[in-house]
Amino acid sequence: MQTAIQQIQSELQGLYPKTEIKSFSNLIVGKLTGFSRTEIIVNKNTLFSDEQRKIVDSFIEKLKKFVPIQYILGETEFYGLPFNVNESVLIPRPETEELVDWIQNENKKKEEIKILDIGTGSGCIAISLKHEFRNSTVDAFDISEKALETAQSNAILNNLEVNFSKVDILNAPDFDQKWDIIVSNPPYVTEQEKTEILPNVLEHEPHVALFVPDNDPLLFYRRIALFAKSHMQLNGKLYFEINREFGKQTTDLLTEMGFKNTEVRKDISGNDRMVKAVISEQLSVNNFISD
């Protein structure tokens, strides 16, 4: 096992920061052995089988091509829960955990609430909220069938019930139900920002879940807000993860559309990252429909 760790560190040297390579080593060895980090140290002289060594070799080759470690392992953790991930879904980010935490803290005294997650991807937001609000009804939309399959597998993995549906929110049908909370982490990276995206993200994570046209960066926020105006309970809350460059523009948009108590929150890195707004009356959406 120690030989495998040294091999990982040697072959990846110069491609990734040392701390990241060390993390890769722990994750790979943990995946192959089931050992915790402490157990890896204690059992460092454990010998790997030929099959385990072949797997290590294949993982290293993928890392050299900058395939994200989460895709290589097929799993990650989000909000303390295990999730399957693959190239049909975005890898859950710590910033999104902060969004879930905001929703959990603001609404923890409520029971039997109805929650909708739009653009669910791996299901990380919907499933985590169902875990926190056990008596709630949680629905989740996504345009991708493969993403929905992954999300459903994650709900089963965590023994939680979430209602997943294939819905294109840009052309959403009408629903005869209303939700107390609507949350979304929609595509928000502009095309011109592609040059700033690392290869492991740009070449492997699904572009449909990442990018939005330069000429309409608030496209999904506007359409989701329109949907929310006719599908939220009075005093319902709308939560978004946002592009750090568009905090004020997003809150201005929501205010213009009649939402109240708009608020921007920063993430742990100090960037504008989350927005909340409240619907205080049922307003007509007709004046806000835009292509």
Selection from the range 155-195 of residues that are in a loop (DSSP other than H, G, I, E, B) and β-branched (Val, Ile, Thr): 162, 167
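I'd like to know if the range 73-91 contains one or more residues that are free of Cβ contacts under 8 Å to residues at least 60 places away in the same chain, under 23 Å from residue 207 (Cα atoms) and touching a Cys at 6+ places or on another chain (Cβ under 8 Å). Step through it out loud before you land on a result.
First, the residues of the range 73-91 that are free of Cβ contacts under 8 Å to residues at least 60 places away in the same chain: 73-80.
With the extra rule that they be under 23 Å from residue 207 (Cα atoms), the set shrinks to 73-78.
Okay, now just the ones that are also touching a Cys at 6+ places or on another chain (Cβ under 8 Å), so 78.
Looking for residues that are free of Cβ contacts under 8 Å to residues at least 60 places away in the same chain, under 23 Å from residue 207 (Cα atoms) and touching a Cys at 6+ places or on another chain (Cβ under 8 Å), one finds at least one in the range 73-91, hence yes.
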Candidate set: the range 147-161, residues that are farther than 17 Å from residue 186 by Cα and out of contact with any Leu (no Cβ under 9 Å at 6 or more places or on another chain); chosen: the one surrounded by the fewest Cβ atoms within 10 Å (Cβ to Cβ): 159
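Report yes if residue 103 is aliphatic (A, V, I, L, M) and farther than 30 Å from residue 55 by Cβ, otherwise no. Step through it out loud before you land on a result.
Working: aliphatic (A, V, I, L, M): yes; farther than 30 Å from residue 55 by Cβ: yes.
In short, yes.
Determine if the range 49-58 includes at least one residue that is of a type in the set (Lys, Arg), in contact (Cβ under 8 Å) with a residue 24 or more places away in the chain and surrounded by fewer than 18 Cβ atoms within 10 Å (Cβ to Cβ). Reasoning before the result, please.
The first filter runs over the range 49-58 and keeps only residues of a type in the set (Lys, Arg), leaving 53-54.
Still in the running and in contact (Cβ under 8 Å) with a residue 24 or more places away in the chain: 53.
Checking which are surrounded by fewer than 18 Cβ atoms within 10 Å (Cβ to Cβ) leaves us with 53.
Yes, there is a match, as at least one residue in the range 49-58 is of a type in the set (Lys, Arg), in contact (Cβ under 8 Å) with a residue 24 or more places away in the chain and surrounded by fewer than 18 Cβ atoms within 10 Å (Cβ to Cβ).
Please go through the range 10-22 and pick out each residue that is part of a helix (DSSP H, G or I), out of contact with any Lys or Arg (no Cβ under 8 Å at 6 or more places or on another chain) and not small (Gly, Ala, Ser). Let's see the steps before the verdict.
Of the range 10-22, the ones part of a helix (DSSP H, G or I) are 10-11, 18-22.
From the residues that got through so far, the ones that are out of contact with any Lys or Arg (no Cβ under 8 Å at 6 or more places or on another chain) too are 10, 18-22.
Listed by number, the residues that qualify are 18, 19, 20, 21, 22.
Kindly establish whether residue 65 is within 28 Å of the chain's Cα centre (by Cα) and not β-branched (Val, Ile, Thr).
Values: within 28 Å of the chain's Cα centre (by Cα): yes; not β-branched (Val, Ile, Thr): yes.
Yes.
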Complete set of residues in the range 1-42 that are more than 23 Å from residue 68 (Cβ to Cβ) and either surrounded by 14 or more Cβ atoms within 10 Å (Cβ to Cβ) or in contact with a Gly (Cβ under 9 Å, 6 or more places away or on another chain) (or both): 1, 2, 39
Within the range 147-185, which residues are hydroxyl-bearing (Ser, Thr, Tyr) and over 13 Å from residue 118 (Cβ atoms)? 150, 153
Considering only the range 258-270, I want to know if a residue exists there that is out of contact with any Asp or Glu (no Cβ under 9 Å at 6 or more places or on another chain), at pLDDT 95 or above and of a type in the set (A, V, I, L, M). no
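With the condition being of a type in the set (A, V, I, L, M, F, W, C) and in the same structural domain as residue 188 (by TED's automatic domain parsing), I'd like the strands (runs of 3 or more DSSP E) fully within the range 23-129 carrying at least 2 qualifying residues.
Fully inside the range 23-129 and qualifying: 114-118.
The values are calculated or read from the model by the stated rules, or taken from the named source; none is laboratory data. From a predicted model like this one, the values you see are computed outputs, not experimental measurements. Ideal geometry is used to build each Cβ from the backbone, glycine not excepted, and the neighbour counts take in all protein chains shown.
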